[in-house]
Every structure is written in structure tokens, then in C-alpha cells.
Amino acid sequence: MFKDSADFRRIVSGVLLIVAPLLQLVAVVIDPGTWGDEREMVSYGVNPALTQVQSVLYHWSYLLMALSVFGLLHVMRRRAVVFGHLVGALTILGYVNMSALLLIDPVEWWLGRHNTPAESERILGEMLDLPGIVFGFQMPWLFFAVFGLPVLLIGVWRAGFAHWAVPLVAVLSSVGSMVTEYGPVTVPFWAATAGALGWVGVKALRMGREEWISYYPTAAPGRTTPDSYANTTA
């Protein structure tokens, strides 16, 4: 299955680009907070089991999305190299921080079980407004994930690996999910993201090894050719 490191990167990148956004889509569909009371501490109390499942799915979706960014960077090694690595690094940081925030879900559930909704929101607000939480986990890191991925996909398109519709869908989905309240309307937005990234993932899985390594640096003095790169990293 894996002839060398090039095939390994291609297959793993393709699988992650399909699985990561799909986990996010499943999470928003089963999340009690999507369909119930807009106050999550209330919705989570209705179905604690699904609350835990959706939290875990979001957590692993964001971690795997961070890993999938490395695959996108591989197809940007001939064009928009500096742009790709800068935006890619910020996007990875954003997704890692988003994953860490998922630990707040069981806290919301516990607060909702032991306090009134108003009191739960007050306590949670005091916790999340701590400077260490705001600047260590939220700002500006969350925006690096939400907007970093669409911007990175623009570079993937410019590198010739994706159709222009892929970054367009990602941009519209990200903006739409930010300007609307989390709920049923979020489902189609994240379904669109899953479709766009899934398209890129399927393309990576369907292409041959030679086509994949054609995105590696071209032959030039002091540069690596696809063949020599494959030989030295096999």
C-alpha cells in the first residue's frame, strides 16, 4: 500500500482531509446544543451521552484537521511556498487551541445540572473572561483556524491542486458560520466545508504517485528533484 514516503503522505493526507471535516459534520448533527435550547448548559442536560460524544468528535476533528494542513502544505512546495507555510502554521495553532476549548463542554453540563441557567451563564462567563483563557486559548487563535483554512485553500488553488470553487466554498462556509448563531443553520455550512475538503482528499487518493510528487520542488541548482526526494525519503 505504501511504496515509499511519498505514497504515505499522499494517502494519509487524503484520508485526513475526508475524515476530519466529516467528524465535525457528524458532531454538529448530533450535538444537543444544535437543536435544543441556545443555552448549552440547558441543552447538554437533556442528553449527557450525546453531549460527550459530540465533544469528543469535535476534539478529534480539530486535531486531525491540524494534521491535514501538513498535507496541504506538501502541494504548495513549488508555488506560494512562504505564504503556505506562514498561513499553515497559524492554522495549525488555531485548530490545536480550538481542540483545547472542548474541555469546557463537560463544565457547562455540570453547571447546568447544579445551577439555574442564569447562574450557570454567570459562572461560565467569569471563567471564560479570565485573561489567561482569553489570550491563551481564544484570541486571536480561534480566528486562525476559522479563517486560516480558507485562506490556505486559496494557496492550494494557486498551486494548481484544487479547483477555484474549493476555497470559495470554504470562505463562504466560514463567514456564514461566524455571522449566524450556532444551530441548525450551521449544519449546511459545515456540510459544505466537508464537501470541499473531501473533494481535495479524494483527488489526493485517486492520483498516482508520480502526479503527487510533481508538486515537490523542481530541478534547479541546490534544489531537490521529485525522484531524488523520493529516493532520499523512502
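Structure notes:
- Residue match in the range 105-115 (condition: of a type in the set (Asp, Glu) and either open to solvent by less than 20 Å² (accessible area, probe 1.4 Å) or in contact with a helix residue (DSSP H, G or I) (Cβ under 7 Å, 6 or more places away or on another chain) (or both)): yes
For every residue, the table says whether it meets (1) within 22 Å of GLY155 (Cα to Cα); (2) in contact with a Phe, Trp or Tyr (Cβ under 7 Å, 6 or more places away or on another chain).
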{"site": "GLY14", "(1), (2)": "yes, no"}
{"site": "VAL28", "(1), (2)": "no, yes"}
{"site": "SER43", "(1), (2)": "no, no"}
{"site": "VAL82", "(1), (2)": "yes, no"}
{"site": "GLY88", "(1), (2)": "yes, no"}
{"site": "HIS114", "(1), (2)": "no, no"}
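- The set of residues from the range 13-55 being among the hydrophobic types (A, V, I, L, M, F, W, C) and in contact with a Leu (Cβ under 8 Å, 6 or more places away or on another chain) comprises VAL15, LEU16, LEU17, ILE18, VAL19, ALA20, LEU23, VAL26, ALA27, ILE30, MET41.
- Counting the residues of the range 174-209 that are open to solvent by less than 40 Å² (accessible area, probe 1.4 Å) and either assigned to a loop (DSSP other than H, G, I, E, B) or over 24 Å from GLY33 (Cβ atoms) (or both) gives 8.
- Test: LEU16 is crowded, with 22+ Cβ neighbours inside 10 Å, in contact with a helix residue (DSSP H, G or I) (Cβ under 6 Å, 6 or more places away or on another chain) and hydrophobic (A, V, I, L, M, F, W, C): yes
- Among the residues of the range 68-98, those identified as surrounded by fewer than 16 Cβ atoms within 10 Å (Cβ to Cβ) and in contact with a Ser or Thr (Cβ under 9 Å, 6 or more places away or on another chain) are PHE70, ARG78.
- Filtered by the rule that a residue be over 15 Å from the mean Cα position of the chain (by Cα) and β-branched (Val, Ile, Thr), the range 157-185 gives VAL179, THR180, VAL185.
The values are calculated or read from the model by the stated rules, or taken from the named source; none is laboratory data. Being a predicted model, the structure only gives us computed values, none of them experimental. Positions of Cβ are backbone-derived with ideal geometry, glycine not excepted, and every protein chain shown enters the neighbour counts. To get the accessible areas, we keep the full protein, side chains included, count just its heavy atoms, and leave off ligands, DNA and RNA. Shrake-Rupley method; radii C 1.70, N 1.55, O 1.52, S 1.80 Å.
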